[in-house]
Amino acid sequence: MTDLITLYRAQFKTTIASQFQYRGALAIWIIGLILQPVIYLSVWSTVARSQGGNVDGFTASDFAAYYLTALVVSQATFTWIMWEMEYWIRQGNLSPLLVRPVHPIHQHIANNLTFKLLTMAVVIPVVVVLTIVFRPNFTISAWSGLAFLPALLLAMALRFSVEWTLASLAFWVTRVNAINQLYFVVFIFLSGFVAPLDLLPEPVRAIAELLPFYRMLGFPVELLLGRLSPTQALVGFAAQLGWLALALLFLNATWARGVRQYSAVGA
Amino acid sequence: MTSLRLLGIHLRLGILNELQYRTNLFVQVIQSAVGLLTALLGLGVVFSKTDSLGGWSAPELLAIVGVYTLVAGITQLVVQPSLARFMEDVRLGTLDFTLTKPVDAQVLISVRQVEVWKLVDVVVGVGVLGIAVEQLGATVGPAEAVAFLIALLAGVTIIYSFLLILATCVFWFIRLDNILNIFQSMYEAGKWPIGIYPPWLRTMLTFLVPIGFAITVPAEGLVGRLTSPTLLGAIALAVALPLIARVFWRIGVRHYSGASA
């Protein structure tokens, strides 16, 4: 355990140092992070205004609260493992990671957390400015505020495990780009990013609620904004835990098989 | 004329080169299909709740998706890959070989690299535009078609000049690999009419990053809502910006010292 703590601390330091080298990549990511929710927020606010103030109970300022929270949640849950793993495998960079006595997943988790902490310095002022611009209607009750934190942490763990598992498909397929793109389309529609789940047409909404994507984004957002009943919240936590357990099982199985398959292309 | 012939040669070279890797076509087809699917599903969700978005009907927004895909295809076919290679050349000092060739260096660096499979996006864009025009029916006459073509030409010229100006900054900063990708991530906003965005963002998307001129304005031309001041403005910008880019390019080249050569 103490070994792991040392490892994470060392990793924090190297990540901070290397992130400052790649400021360009950081800027792209931040523009994308801000622009995406602002696009859908603008679309839905326009629709709300043209429908006489609200769409299915959502007013323009409800959408603002929804998408600003979604911005924070997607910043917290976002991973880039699908690109990194492809690069590790295609370039053979995975080999040195495999001979180390710890699972490469720790390095990536540490990287991911450090990156989040660093970018928080940008995201917080951005959210403040957008709050002034869009005047969201934040009505947060004490219990939903408290429940949000575990929901967010579970969403992070769930999204990380699902995307790590998908990323390890790169062991078998050398060009995973098309798969990644397909995943992201499914993700943005069924997680509540393109529209809050309640606005999706009926069979799609019901399916989205059953699948894990909603638990990674829409669920924590709606929980914080008090749009869910306590029962729905409990069901949501159970779903998050269930999906997380399943994802971890898959993660272990694909990783074990993938590493055996790995032949260090290009190394 | 020389530039068109050069473009033709590089296009042929690019095709010959890529024919070795035919699976790439397959990958590109999937990517284009996924991109189109995302746009159409998004429109579907929005229009299940409303009949018009900021005054645009569903077939009119389909026209925007068509222009969005077409312009993305055109720029990613030649302009973006060529400029990316140019920036790499400046960094490595290999731009020397280009500068010593007996043709205009700006032309050469703008057409040198061709991503042939991006033609798929061009075809998809034209196809979507065709469907949009059919749905719009009689409202699209010859006047609209002419306005559309002029605005499209102006838009592509503006985007080219804008990207060239961005890329030329590499002469001073050397390491700017990601600057073109920043444009790419902002381009996403062009999928919707820029009129729906809050004023600060709309201004940014018109003047700072001219996505409005490249996508919304041609689409307005096609659906017949383009006013003549806007069209004249686009034309004026399409004349002025290439000149500015040219002057900036000249200053930049003079600044080039063959970094590591």
Would you call residue B:77 under 14 Å from the mean Cα position of the chain (by Cα), of a type outside the set (Gly, Ala, Ser) and buried (at least 19 other Cβ atoms within 10 Å of the Cβ)? yes
Sole residue being under 14 Å from residue B:128 (Cα atoms), surrounded by fewer than 17 Cβ atoms within 10 Å (Cβ to Cβ) and more than 9 Å from chain A (Cβ to nearest Cβ), chosen from B:40, B:36, B:11: B:40
For the range B:43-56: of the residues being free of Cβ contacts under 8 Å to residues at least 24 places away in the same chain and at the interface with chain A (Cβ under 7 Å from one of its Cβ atoms), which is farthest from residue A:42 (Cα to Cα)? B:48
For the range B:169-202, the count of residues that are out of contact with any Gly (no Cβ under 6 Å at 6 or more places or on another chain) and assigned to a helix (DSSP H, G or I) equals 19
Only one residue in B:248, B:207 is at pLDDT below 90 and either within 22 Å of residue B:73 (Cβ to Cβ) or aromatic (Phe, Trp, Tyr) (or both). Which one? B:207
Take residues that are surrounded by fewer than 20 Cβ atoms within 10 Å (Cβ to Cβ) and tell me which of the helices (runs of 4 or more DSSP H) falling wholly in the range A:175-267 contain 1 or more. A:177-190, A:202-210, A:230-261
Read through the list (1) modelled with pLDDT of 85 or more; (2) under 25 Å from residue A:159 (Cβ atoms), then give the number of the only condition that residue A:84 fails. (1)
All but one of (1) in a helix (DSSP H, G or I); (2) more than 14 Å from every other protein chain (Cβ to nearest Cβ); (3) in contact (Cβ under 8 Å) with a residue 40 or more places away in the chain hold for residue B:254; which doesn't? (3)
Answer from B:203, B:168 - the residue that is polar (S, T, N, Q) and closer than 24 Å to residue A:40 by Cβ: B:203
Considering only the range A:48-60, I want to know if a residue exists there that is more than 10 Å from chain B (Cβ to nearest Cβ), in contact with a Ser or Thr (Cβ under 9 Å, 6 or more places away or on another chain), part of a helix (DSSP H, G or I) and hydrophobic (A, V, I, L, M, F, W, C). yes
Any residue at all in the range B:33-45 that is touching a Pro at 6+ places or on another chain (Cβ under 9 Å) and not in a loop (DSSP other than H, G, I, E, B)? yes
Go through (1) farther than 30 Å from residue B:196 by Cα; (2) away from every other protein chain (no Cβ under 14 Å); (3) surrounded by 22 or more Cβ atoms within 10 Å (Cβ to Cβ) for residue B:87 and report which single condition fails. (2)
Looking at the range A:114-164, which of the residues that are in a loop (DSSP other than H, G, I, E, B) and within 14 Å of chain B (Cβ to nearest Cβ) is surrounded by the fewest Cβ atoms within 10 Å (Cβ to Cβ)? A:135
For the subset of the range A:89-112 comprising residues that are part of a helix (DSSP H, G or I) and without any contact (Cβ under 8 Å) to a residue 40 or more places away in the chain, which member is farthest from residue A:196 (Cα to Cα)? A:99
Considering every residue within the range B:208-228, establish whether at least one is within 14 Å of chain A (Cβ to nearest Cβ), buried (at least 18 other Cβ atoms within 10 Å of the Cβ), assigned to a helix (DSSP H, G or I) and among the hydrophobic types (A, V, I, L, M, F, W, C). yes
Residue by residue through the range B:166-207, note down the ones that are away from chain A (no Cβ under 14 Å), polar (S, T, N, Q) and surrounded by fewer than 19 Cβ atoms within 10 Å (Cβ to Cβ). B:206
So which pairs qualify, if the first residue must be in the range A:58-86 and more than 17 Å from residue A:131 (Cβ to Cβ), the second must be assigned to a loop (DSSP other than H, G, I, E, B) and basic (Lys, Arg), the Cβ gap must be under 9 Å, and the two must be at least 6 apart or on different chains? A:86/A:175
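The values are calculated or read from the model by the stated rules, or taken from the named source; none is laboratory data. This structure is a prediction, so every number in the text was calculated from the model and none was measured. Note that each Cβ is placed from the backbone with ideal geometry, even for glycine, and that neighbours are counted across all protein chains shown.
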